[in-house]
Amino acid sequence: AGEIARPRRHPPHDPRPLSPMDSVARGTLINLLTRTAAVALVLAITTITARIGTETQGAFALFTSVEGVLLALLSGFGIALARRVSHHREQPAALLGAMVLACMGLGVVAGLGLWAASVWGPPAYGSLWMLALAAPMLLLAPNLGGLWLGEGRMGPMARLTLAPPLLALLGLGGVFAIASSVGLPQVLGAWVLAKVAVGAGVLWVLWRSARLAAPDFSALRAELPFVATIGLTNLVGLLNYRVGLFVIERLLGLSSTGLYSIAVVVAELLWFVSGSLTQAVYGRIGTPDRAQAAATTVRVVQLGVAALLLAAPLLWLGAWVLLPRVLGPAYAASVPLVGLLLPGVLLFGGASALSAYFTNHAGLPQVPAQVAALSLAVNAGLSLALVPALGMAGAAVAASVSYTFTVFVLAWRFARHAGLPLRQVVVPGAQLWRDLQAVALRSGGR
């Protein structure tokens, strides 16, 4: 299929080895600052809903969790696109055109399902009709962003991360200026409209830069097994993060769901550190050189977990001081849950790089999918057993245990595939200390 008659303005990025640390540190810093800003924006929205009431926060958490399930299941196109760019060194404009149509078509189908759930499902899911209307545009940004992820271009990725919560918050500010108050419908409406606007904006940017071509559906069909595996992997992984939330809603109600969701949001802030590092080197992990990809992965896993070890106590202290003061006294109940979640969340910070190795380098997304399925089974089983006896704390313990299980099984699978001793993966070596010294020196130099 022929491309639109306009020259490409963005040549493919050629990732280089992870030495020295300069470009990796720069990419990680961009990602970390971006994610920190995005988290601040999302926390501002969460603060608005939480201060309305714990039930409102619970409904918002369920709404965004269902959205997350949809995006997890149908965002495999982006990872496939990133792999075509980083591993195969392609600029697949015709494949990109086919993916646009596929995302919009799947969004229509998903929207019908969401509409049915809002009409015939439990009352807590009654607001899903808003998500149903947005679904055709909802999948564009997460999937088309795979182009920049594969190129290692952190600037566009940063804008893609910041735009939705920023637009949603601006929308809520406009509503408040007009009506002097906001409720759950206004929060959800602003959230959904922001996602639609960003999806349309990404499509416009790619069209303007001539990166879209007439759709090549044969190329898309060749990618579908990989895309489907990624989708199932993402879905199982997300359910592993959120199964406790759904169990609590069914057994304890929306108010408890709101309290637990705040603990989850706070604990998972740790992943923005390790996730920023993984995203910065995602293209490098995709290199065809197995030894280089494995060495990069080990460095990222160990450096990420070391960073989280330093951040976790500060995060818990911040939660203890701020949650009751910012969100209200009711949210003091969320603080012990954060402490129960943090051990597993901390160790799970190493899983993102391990998954990237199997997905982007080895082309084996079924490996993290299999491990995530085992972890989900552990998490769901423990949640159903512990929540009736321990309440919200039972869900937190179940999540922490399942996260720990996941990262160690994934590390074992990685060590076997890469031909490395497991000890070399999980026990820090001299390279970690050199990396930490390099980061410290660069930080001091600034």
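So the values come out like this:
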item: Candidate residues 216, 289: accessible-area rank, largest first, probe 1.4 Å; result: 289, 216
item: Solvent-accessible area, 1.4 Å probe, carbon plus sulfur percent, for the chain; result: 69 percent
item: Inverse mean reciprocal Cα-Cα distance (Kirkwood Rh) of the stretch 263-392, Å; result: 16.3 Å
item: Vicinal HN-Hα couplings computed from phi for the stretch 329-345 (Karplus, 6.51 cos²θ - 1.76 cosθ + 1.60; Hz; Gly/Pro x); result: x, 4, 7, 4, 5, 7, 5, x, 5, 4, x, 6, 7, 4, x, x, 4
item: 1.4 Å probe accessible area per residue over the chain, in Å²; result: 41 Å²
item: Computed over the chain, Cα set: Rg, Dmax in Å; result: 21.3, 65
item: Highest to lowest packing among 88-94, 314-320, scored as the average C-beta count within 10 Å; result: 88-94, 314-320
item: Accessible surface ranking that places the most exposed of 139, 309 first, with a 1.4 angstrom probe; result: 309, 139
item: Residue 299 - accessible surface, heavy atoms, 1.4 Å probe, Å² rounded to 10; result: 50 Å²
item: Peptides 250-262, 180-192 ordered by average Cβ neighbours within 10 Å, highest first; result: 250-262, 180-192
item: Average Cα contact separation per residue, the chain, under 8 Å, 6 or more apart, as relative contact order %; result: 22 percent
item: Accessible-area value, residue 392, 1.4 Å probe, nucleic acids and ligands omitted, Å²; result: 30 Å²
item: Mean projected area in nm² (Cα convex hull; one quarter of hull surface) for the stretch 37-133; result: 7.9 nm²
item: Selected from 320, 185, 273, residue furthest toward positive end of dipole (the chain; charges at beta carbon); result: 273
item: Residue-level accessible surface for residue 417, protein heavy atoms, 1.4 Å, Å²; result: 50 Å²
item: Coordinate range along principal axes, alpha carbons of the stretch 191-338, Å, largest first; result: 56, 40, 31
item: Extreme residue, positive dipole direction of the chain, given options 252, 381, 106 (C-beta unit charges); result: 106
item: Table column - 3J(HN,Hα) (Hz), the stretch 52-59, Karplus curve with 6.51, -1.76, 1.60, x for Gly and Pro; result: 5, x, 5, 5, 4, 4, x, 5
item: Sorted largest first, extent of the stretch 106-155 alpha carbons per principal axis (Å); result: 43, 19, 12
item: Along principal axes, Cα extents of the stretch 230-288, largest first, whole Å; result: 49, 24, 9
item: Two-decimal ratio, the stretch 48-95, of alpha-carbon radius of gyration to 2.2 N^0.38 Å; result: 1.87
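The values are calculated or read from the model by the stated rules, or taken from the named source; none is laboratory data. Bear in mind that the values here come from a model prediction, so they are computed numbers and not experimental data. In this analysis, Cβ positions are derived from the backbone assuming ideal geometry, glycine residues included, and neighbour counts consider all displayed protein chains. Surface accessibility is based on the protein's heavy atoms, side chains included, excluding ligands, DNA and RNA. Shrake-Rupley method; radii C 1.70, N 1.55, O 1.52, S 1.80 Å.
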